[in-house]
Amino acid sequence: MAEPKENPLMEKIVSLCKRRGFVYQSSEIYGGINGFWDYGPLGAELKRNVKELWWNTMTREREDVVGLDATIIMSPAIWRASGHVDTFVDMMRECPLTRKRVRSDQVEEQSGTVYRWTGAESATTGWKVQKPFAVLQRKGEHPDSVRKKAREYYAHGAAAAQTGDWKQLGLQGETTAPVENSVDFHPESGVELSESRPFNLMFKTYVGPVESEENVAYLRPETAQAIFAQFKNVLDSTPVKVPFGIGQIGKAFRNEVTPRNFTFRSREFEQMELEFFIPPDEAIEALHGSVATIPAAGHPGEPQPNWGWEAWHRYWVEERVRFYEGIGLTRDTLGLHIQTPEELAHYARACTDILYKFPFSKRDEKGELKGEELEGIAARGDFDLSQHEEHSGKPLTVFDDELRATWGKVSDDKKKDMREKFVAHKTHVFVEKKKLPPEEAATAAQKEAQVFFDRFAKGQYIPHVIEPSAGVDRLILALISNAYYEDEMPDEKGKMQVRVVMKFHPRIAPIKVAVLPLLKNKPDLVTKAREIYSSLKGHFACFYDDGGAIGRRYRRQDEAGTPFCVTIDFDTLGEKGPELKDTVTLRYRDDGRQERVKASELLPLLLEKIR
Ligand code: GAP
């Protein structure tokens, strides 16, 4: 399995996930399936809470965002238009012996002595094969063990009658040479890897009973494209007006070459994506004279009509960081990676990744965890809608009457200036990213400018888009890693014991409240506890537990991350005096603190704490 082997904290987290029912390996009773994970009872609740919070924050609580729930399998034309059929690839290399594949950019450096051969032959049958093969002899490995790999490789695919006893094959043209920090050998077998070649990450299937090329379809590798494909329908069927967004949560599938780090890189996962459509900056300039400038850093404040893409992009980065802070990922556990011009896709203006510092993240020179991507916020220009317009032949422009009216009044000098800036930017992108010769790039840019400004004159444009795209499963793993603590607490006899406690923010905790009668064989306690449980369970996820000593029950809830336990004891029944009758013990997970609360005040108190 692709689980971290040398990270003690990760090992504890993975083990807790299985023990307590957060995450299980998919199909485990059949040995598992690499890159697929199931969520157990606690994980399912946690995931549901996170998705619901995203949905509420990003759609329900906003007037400018609506939702979508599209199919996983869509017309393959969508993936041709988006570029996924041609370019959604990872470069990979293969071990010629084991056929195991690795991503070209993820091969670890190795040192040793490389053994090379030109072929092999059998002294008993005269069978021969000529092809190069090389293996790295690593520290502690005997030369005979690397030679055995070579014999196995040469004998592979040939009949035993041809090769004779393959272990006796003679190896030809053996040479050796020292190797330092090479990324050309498979990390497990040590065999020299094949040349890099592209590997498309989309899962293929067939629609209908005939498995032919024309029936090929793909499991979506992202939820975003459905939003672009349904853009016009949403625009026509709802009162939205640019700037507005369409949000979607759903499954995505990528046939990752090397799934790894527990659920971090999976083959089936969920995304929470928003496509936020905005006018191109030229429209803002025409309508408002200029595009708003924003402070050098920080949240730019409430959206303004004269915001261009930079303000919207910053706004969404900051909004998303606030979202993570609101569920317990403090800024010091997060990081931002601003993609360099070399990293950016040719159509993108900017992309900022929000990182979380996982226990398995690499460290920088100062020893600080660098962090891994939780979410990317990209300014994608009008690339997606333009592609779908071109490939579908359906116009995906919006009409702005105010723009049409204003454009007629814009001075010729201003129009000329805007056009020149547009052409200069596009020419630069075509030369740098598409590697077009400068003249060809300038001609292509002029052509685009013509279409773009002709549409402007009619009040039409293809909206640009800011895309905050988050992975549900990565966020769940971040929340689990972030919540994991070990501390010490006294047991019933007052002896300090190590306790594992999952300090989830109450908003996302799988179970909010556990209701615990002190003893299960006292009918009055049980009746009262059941009554309290019934009064709470309609409002949030509750758990009723009457098994075992109360201290043990508290520990179980600590490991599940339940922020509050409510204990019903003899005081609740009024046995120690009327002043405590109908009060319960409210116990806090993080510090074990306990307080006496009136049962009648429990619900509003808990609702306030969970909000
Ligand atoms: N529509 C843009 C898009 O899909 P991405 O950076 O490829 O962009 C967005 O994916 C998010 O989806 C990532 O930030 C990550 O959280 C999640 N994600 C991508 N591949 C994943 C994988 N193999 N396993 C788990 N999550 C993944």
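The values are calculated or read from the model by the stated rules, or taken from the named source; none is laboratory data. All of these numbers come straight from a predicted model, not from anything done at the bench. Glycine also receives a Cβ, built like all others from the backbone with ideal geometry; neighbour counts cover every protein chain displayed. Remember, those area values only see protein heavy atoms, side chains included, never the ligands or the DNA or RNA. Shrake-Rupley method; radii C 1.70, N 1.55, O 1.52, S 1.80 Å.
Mind checking the full-extension length gain between Glu6 and Ala292? Use 0.36 nm per residue of separation minus the Cα-Cα distance, one decimal, nm.
Value of the extension gain: 98.0 nm.
Rounded to the nearest 0.05, what FRET efficiency do Glu342 and Glu109 give with R0 = 25 Å and r taken as the Cβ-Cβ distance? Could you check?
Working from the Cβ atoms, E equals 0.65.
Taking the Cα centre of segment 184-283 as origin, sum charge times position over the Cβ atoms of Lys and Arg (+1) and Asp and Glu (-1), and report the length of that vector in debye to the nearest 20.
360
Using a Förster distance of 45 Å, how high is the FRET efficiency between Arg611 and Thr205, based on the Cβ-Cβ distance and rounded to 0.05?
The computed FRET efficiency comes out at 0.55.
Using a basic spin-label model with each label point 7 Å from the Cα along Cα→Cβ, how many nm lie between Glu531 and Arg552?
Label at Glu531, label at Arg552, 2.9 nm between them.
Between Ser145 and Asp69, what is 0.36 nm times their sequence separation minus the Cα-Cα distance? Round to one decimal in nm.
Fully extending the segment from Ser145 to Asp69 adds 21.9 nm.
To the nearest 20 debye, what is the magnitude of the charge dipole of the chain about its Cα centre, counting +1 on the Cβ of each Lys and Arg and -1 on the Cβ of each Asp and Glu?
Dipole about the Cα centre, nearest 20: 1500 debye.
Explain nothing, just compute: Karplus ³J(HN,Hα) = 6.51 cos²θ - 1.76 cosθ + 1.60, θ = phi - 60°, for every residue of segment 229-236 in order, whole Hz, x for Gly and Pro.
5, 9, 3, 5, 4, 5, 4, 7
When the accessible area of segment 482-611 is split by element with a 1.4 Å probe, what percent falls to carbon and sulfur?
Ligands and nucleic acids excluded, carbon and sulfur give 51 percent.
Measure out, as a whole number of angstrom, how far apart the alpha-carbon centroids of segment 208-265 and segment 359-397 sit.
Centre-to-centre (Cα) distance: 14 Å.
If I ignore ligands, DNA and RNA and count only protein heavy atoms, how much of Thr258 is accessible to a 1.4 Å probe, in Å² to the nearest 10?
Approximately 30 Å² of Thr258 is accessible to the 1.4 Å probe.
Which one of Thr124, Gln106, Cys95 is farthest out on the positive end of the charge dipole of segment 93-136, using unit charges on Cβ (Lys, Arg +1; Asp, Glu -1) and the Cα centre as origin?
Farthest towards the positive end: Thr124.
Positive end of the charge dipole of segment 322-366 (Lys, Arg +1 and Asp, Glu -1 on Cβ, about the Cα centre): tell me which of Thr330, Thr340, Leu355 has its Cα farthest that way.
Thr330
Work out, in µm²/s and without decimals, the Stokes-Einstein translational diffusion coefficient of segment 410-495 at 4 °C, 1.567 mPa s, Rh from Kirkwood over C-alpha pairs.
72
Pairs of Cα atoms under 8 Å, at least six residues apart: use those to get the relative contact order of segment 149-214, whole percent.
17
For segment 381-471, with all protein chains present and a 1.4 Å probe, just round the carbon and sulfur fraction of the accessible area to a whole percent.
After summing per-atom areas, the C and S share lands at 52 percent.
Can you order the peptides 203-210, 14-21, 231-238 by their average number of other Cβ atoms within 10 Å per residue, highest first?
14-21, 231-238, 203-210
Express in nm, to one decimal, how much length is gained between Lys434 and Ile33 on full extension, taking 0.36 nm for each residue of separation and deducting their alpha carbon distance.
Extending this stretch completely gives an extra 140.5 nm.
About its Cα centre, how strong a charge dipole does segment 239-359 have in debye, to the nearest 20, once Lys and Arg get +1 and Asp and Glu get -1 at the Cβ?
For this selection, approximately 460 debye.
Given a 1.4 Å probe and every protein chain left where it sits, what share in percent of the accessible area of segment 242-363 is carbon and sulfur?
Taking all protein chains in place, segment 242-363 shows 48 percent carbon and sulfur surface.
Once Lys and Arg get +1 and Asp and Glu get -1 on their Cβ, which of Val207, Gln446, Phe231 lies farthest toward the positive end of the dipole of the chain?
Of Val207, Gln446, Phe231, it is Val207.
Averaged per residue, what accessible surface does the chain expose to a 1.4 Å probe, in Å²?
It amounts to 50 Å² per residue over the chain.
Cα convex hull of the chain: how many Å³ per residue?
That works out to 243 Å³ per residue.
Set the Förster radius R0 to 51 Å, insert the Cβ-Cβ distance between Val597 and Glu319 as r into 1/(1 + (r/R0)^6), and round the FRET efficiency to 0.05.
0.90
Hey, any idea what Rg/Rh is for segment 147-305, computing Rh the Kirkwood way over Cα pairs?
With Rg and the Kirkwood Rh in hand, the quotient comes to 1.21.
What percent do you get for the relative contact order of segment 404-453 when only Cα pairs under 8 Å and 6+ apart count?
Here the relative contact order equals 35 percent.
Per-residue counts of other Cβ atoms within 10 Å, averaged by peptide: what ranking do you get for 150-157, 375-382, 176-183, highest first?
The peptides rank, most packed first, as 375-382, 150-157, 176-183.
Using 26 Å as the Cα-Cα cut-off, could you pick out the over-long pairs in Lys493/Lys576; Lys232/Lys414; Lys51/Lys609; Lys128/Lys148; Lys414/Lys458; Lys512/Lys581?
Violating the 26 Å Cα-Cα cut-off are Lys232/Lys414.
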